[in-house]
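Here's the structure we're looking at; comments come further down.
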Amino acid sequence: MTKSSAPSRLPGFRDFPPAELALRSHIIEGWRRVARRYGFEEYDAPPLEPLELYTQKSGDEIVAQLYDFQDKGGRPVALRPEMTPSLARILCERSRSLPKPIRWFSVPQLFRYERQQRGRLREHIQWNVDLVGESGVEAEAEVLSVALDGLRSFGLDHTEIRARVSDRVLLAEVLSAAGVPADRMVAAFSVIDKVERDSGARTRERLEVEASLEAEGAERILSLLGEPGLDAVERTFGGSLAVADRLRELRRFLEIMSELGFEDFVEFDLRIVRGLAYYTGIVFEVFDRRGEFRAICGGGRYDQLLDRFGGEPLPAIGFGMGDVVLGELLRDRGLLPEHRRSVDLYIVAVRDELLPLARRMARRAREGGRSVLYPLRPLSVKKQFAQAAAEGARQVLILGPDEVVRGVAKLRSMEDGVETEVSIEAWEATGGGGGG
Ligand code: HAM
């Protein structure tokens, strides 16, 4: 057979050798711990779904990034680019029998054919936390707290990260008060969504052309977006009753965030719109304060998705947080634990004829739940110790001929070098538990 080089990895995909996988596990375990602290239960769904699940509800941006194809049965399918439509489908089938509110979380691997850039790959792991069946801002506050607590659990406090929160209801009221006709609202949203990327002149032009605003209305919106907090909205558009109502709700939301201990993390910012089509209320994104990375997390309220899927009409709110940006940020801030290979025990056989005893003792210790290595072929004692050190063994059990004759072995701590004698008989009887 002729040798050929292995096909290379697809662009935007990652291998996870143990050190990388350990970091990924560190992140996922942190997410799981925090979700459970807030009473959320884990669920999952298939990674391959009917194409239709996304073409109907996700929004053009994600649909353009789908990995879609026909399966061998001729069905149009897609690798999941996000979890929310799968969640909506599951709940459509089951929500009626579930106590409300439903608190579910998930850690799926997702696939998007994205243009490659820092923080964006074609595959990522995304923590999804969703609360279904509550319509009040208390639910938004609860869900955003989970996201922020998740980040704080990795050592990212309010000096490092901030949540930029907006509200599509308020934005629609403000745009409507400025003169955007109802049938141009979606177009106006997409102009606002790009306001931080486009120049002022470009935004003004787009507001006039795409959102049908008069020059004066466009100017009011532009100046508001220059100072996008709640006070400015109140000052400029507070005369509209609908705006005033919504402002009261949003102030209550901020108050609850403060009761939950996250006031220093949260800023209201009308420029946050989010690309996904299904959001209907509060939306948010979390960023590093220095502005060096892309969004770490994004979410919002989507009260119509279940209804539109033909299920029980339930209000819902949730977020997704990816492992890519978060991993980069944690690495940059020195917040990732160092990966060290470690096993509980390495058994050194001073003579080759002691290897069968080493294997028996390893077997008993493994039955007792410990991770144990021993040389797989005859090795010098020096090499065995080198191997024990390389494998990160915390203890070494030394089987020397003189000790074995007396029915004992030496157990040495690799940390401080302290040695104790253990009885081989007791070890074999207790599964090594008696040996330390
Ligand atoms: P999303 O904003 O599309 O929201 O994604 C959420 C987060 O996933 C982003 O902030 C980012 O950290 C990460 N992410 C997204 N795309 C990529 C990529 N190509 N590479 C690396 N990381 C990425 C959603 O997906 C919504 N379904 C979230 C949600 C759940 N809304 C309600 N519930």
Over all pairs of distinct alpha carbons, what does the Kirkwood formula give as the hydrodynamic radius of segment 1-52, in Å?
15.1 Å
Inverse of <1/r> over all distinct C-alpha pairs of segment 296-436, i.e. the Kirkwood Rh in Å, gives 18.6 Å
Tell me the relative contact order for segment 60-129 as a rounded percent, counting alpha carbon contacts under 8 Å between residues six or more apart.
30 percent
What percent do you get for the relative contact order of segment 197-311 when only Cα pairs under 8 Å and 6+ apart count?
15 percent
All Cα pairs of segment 225-269, percent lying beyond 17 Å
35 percent
Based on alpha-carbon centroids, what's the gap between segment 200-258 and segment 336-362 in Å, whole number please?
66 Å
Can you tell me the equivalent ellipsoid semi-axes for segment 74-230? Use √(5λ) from the Cα gyration tensor, largest first, whole Å.
33, 21, 20
Can you give the three extents of the C-alpha atoms in segment 171-324 along their principal axes, from longest to shortest, in whole Å?
43, 40, 33
Can you classify segment 45-139 as rounded, prolate or oblate using the Cα gyration tensor, where a ≥ b ≥ c are the square roots of its eigenvalues, rounded means a/c under 1.5, and otherwise it's prolate if a/b beats b/c and oblate if not?
oblate
Under 30 Å Cα to Cα from K57, which lysines show up? Leave out anything in the same chain fewer than 8 places away.
K72, K100, K194
Within segment 303-391, list the GluC sites (Glu not before Pro) lying in a DSSP loop whose Cβ has at most 12 other Cβ atoms in a 10 Å radius.
E338
Obtain the radius of gyration and the Kirkwood radius of the chain from its C-alpha atoms and give Rg over Rh.
1.12
Going by Cα centres, segment 372-436 and segment 45-104 are how many Å apart?
53 Å
Taking only the alpha carbons of segment 350-428, what extent do you get along each of the three principal axes, in Å, biggest first?
29, 24, 24
GNM result for the chain, Cα springs below 10 Å: residue of E263, E196, E173 fluctuating most strongly:
E196
Whole-number percent relative contact order across the chain, with pairs defined as alpha carbons under 8 Å at least 6 apart
15 percent
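Read-outs throughout are calculated quantities, based only on the coordinates presented, and are distinct from any laboratory measurement. None of the values given here were measured: they were computed from a predicted structure. Backbone-built Cβ (ideal geometry, glycine too); neighbour counts: all protein chains shown.
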